[in-house]
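One structure is given here, and the rest of the page talks about it.
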Amino acid sequence: MKRSPKRRLILAGTLGLLVAGGALAVTSTANAATTLGASAAEKGRYFGTAVAAYKLSDATYSGILNREFNSVTPENEMKWDATEPTQGQFSFTSADQIVARAKANGAKVRGHALAWHSQQPSWAQNLSGTALRNAMVNHVTQVATHYKGQIDSWDVVNEAFADGGTGARRDSNLQRTGNDWIEVAFRTARAADPAAKLCYNDYNTDGQNAKSNAVFAMVQDFKSRGVPIDCVGFQSHFNSASPVPSDYQANLQRFANLGVDVQITELDIEGSGTTQANSFGTVTRACLAVTRCNGITVWGIRDSDSWRASGTPLLFDGSGNKKAAYTAVLDALNSGTSTPPPTTTAPPPPTTTTPPPSGSGCTSTISLNQWNGGFVATVKVTAGASRLNGWTVNVTLPSGAAVTNSWNASASGTSFSNVSYNGSVNAGASTEFGFQGTGTGPSVSTCTAR
């Protein structure tokens with residue numbers, strides 16, 4: 001698998017030791033749900049897993065997936081290197097396969113991940129500054145637009161904070177484009193897919209420590225300024241040296257108190273037997289106790305599918321048999337209360353449309369995501385009764401506004417023309433481009449066929 005191993009940081013005095021609570025509870029309810037997804041759904045939540053497209057042909061793997069889980073996360077198939085291996089050329093085949101399987105099973109999809117310092121294609125690794133920022137904005141726009149309406153939650157930005165006791169941002173090529181890059185990624189994702197929940201996702205933030213405090217401060221700042229963030233993901237990779245923190249539930253709750261949902265996004269716990277089972281039960285009960293905890297995703301199905309397989313960290317052994325940890329999770333889910341968490345659905349951005357021309361020609365429609373001091377505009381170009389072989393859109397900016405970058409178009413001031421791959425548009429069909437700017441975004445545009 002291509003996922004990079006996570007470096008674990010043990011912070012003295014921060015991560016408490018898990019206290020095993022005795023024998024595992026046995027569910028006594030006669031009509032208790034018998035699968036993880038079904039039981040979680042009864043509580044208004046999901047129980048999901050990371051999925052690799054190439055393993056879907058494995059009958060044991062797919063059988064467990066179809067039976068047990070009501071949410072899936074593509075393991076690597078939606079990351080930057082997989083979806084845009086060559087700049088401007090997108091590949092969604094493997095990710096689409098996973099999404100189609102989820103739809104067939106009635107499962108949610110967590111998108112993972114739009115912007116990350118790791119698993120970038122080589123061309124992105126070689127960019128910097130404005131060129132990289134523009135490439136990131138275009139990538140987020142194109143991928144989120146492709147899956148618009150199909151993703152429950154997006155990990156918009158992944159692992160942007162450094163390990164250590166400083167709470168600093170991670171030094172990366174994305175960070176070096178400017179400290180506002182995370183905010184820009186979230187605003188761009190909201191413009192591309194207004195209905196999806198937008199999450200920040202990280203590891204070693206499971207208890208209160210310097211890193212989780214820094215993420216907390218960022219979320220608090222975003223909420224105060226209207227930056228669109230809906231949820232925070234806690235990866236929760238545990239082992240004997242870095243166990244479930246004693247303040248795990250309290251930490252989830254303090255983030256939820258900021259007005260965001262919390263999600264356990266990549267859970268695995270190295271170990272075996274009762275000790276491992278008790279840890280899985282503790283995590284499950286913590287999520288159920290926090291009203292805004294939407295659900296839990298384990299990072300893989302069988303131990304042999306895990307990125308840390310030698311630690312046997314999952315709910316099924318290598319042969320697909322249920323482990324004691326599975327029973328502990330199902331018992332915890334069945335014992336939980338049936339109070340669904342509140343839903344958080346962002347309203348769509350305002351849309352203005354220019355009147356369509358009669359006959360041939362084109363129209364342009366602006367979807368505007370505005371914030372204090374800046375905006376992202378997505379423009380849809382629609383052909384009239386005749387096929388377009390090229391187009392130009394002119395926008396009118398309010399006084400003091402300026403365009404800072406654009407994607408999928410050739411820009412000259414406030415005039416945008418097609419690029420090589422989106423100039424031909426069939427009659428009645430559409431293409432899109434976008435741009436970012438400072439000040440107040442435009443509300444007027446005109447489209448001319450070329």
Problem set entry | Flagged links, alpha-carbon separation over 19 Å, of K148/K380; K79/K148; K148/K223; K148/K197 | K148/K223
Exercise. Based on the mean of other beta carbon atoms within 10 Å per residue, what is the order of 195-207, 216-228, most packed first?
Worked result: 195-207, 216-228
Seminar exercise, completed: Quick calc of log₁₀ I(q)/I(0), the chain, Debye, one scatterer on every Cα, no solvent, q values 0.07 1/Å, result -0.37
Seminar exercise, completed: Over the chain, with neighbouring protein chains present, the accessible area per residue in Å² at probe 1.4 Å is 37 Å²
Problem set entry | Pairwise label distance in nanometres, T93 with A402, each label 7 Å out on the Cα-Cβ vector | 4.5 nm
Problem set entry | the stretch 139-223 - percent relative contact order, Cα under 8 Å, separation 6 or more | 42 percent
Seminar exercise, completed: On the accessible surface of the stretch 201-344, probed at 1.4 Å with all protein chains in place, carbon and sulfur together account for a percent value of 48 percent
Problem set entry | Distant-in-sequence amide H partners of W154 (H built 1.01 Å from N, under 5 Å) | G111, K197, L198, C199
For this session: Just the number, please: carbon plus sulfur as a percent of the accessible area of the stretch 399-450, 1.4 Å probe, no ligands or DNA/RNA counted.
Result: 46 percent
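The values are calculated or read from the model by the stated rules, or taken from the named source; none is laboratory data. Since this is a predicted model, take the numbers as computed values, not measurements. Positions of Cβ are generated from backbone atoms using ideal geometry, with glycine treated the same way; all protein chains shown enter the neighbour counts. Just so you know, the surface numbers come from the protein's heavy atoms only, side chains and all, with ligands and any DNA or RNA stripped out. Shrake-Rupley method; radii C 1.70, N 1.55, O 1.52, S 1.80 Å.
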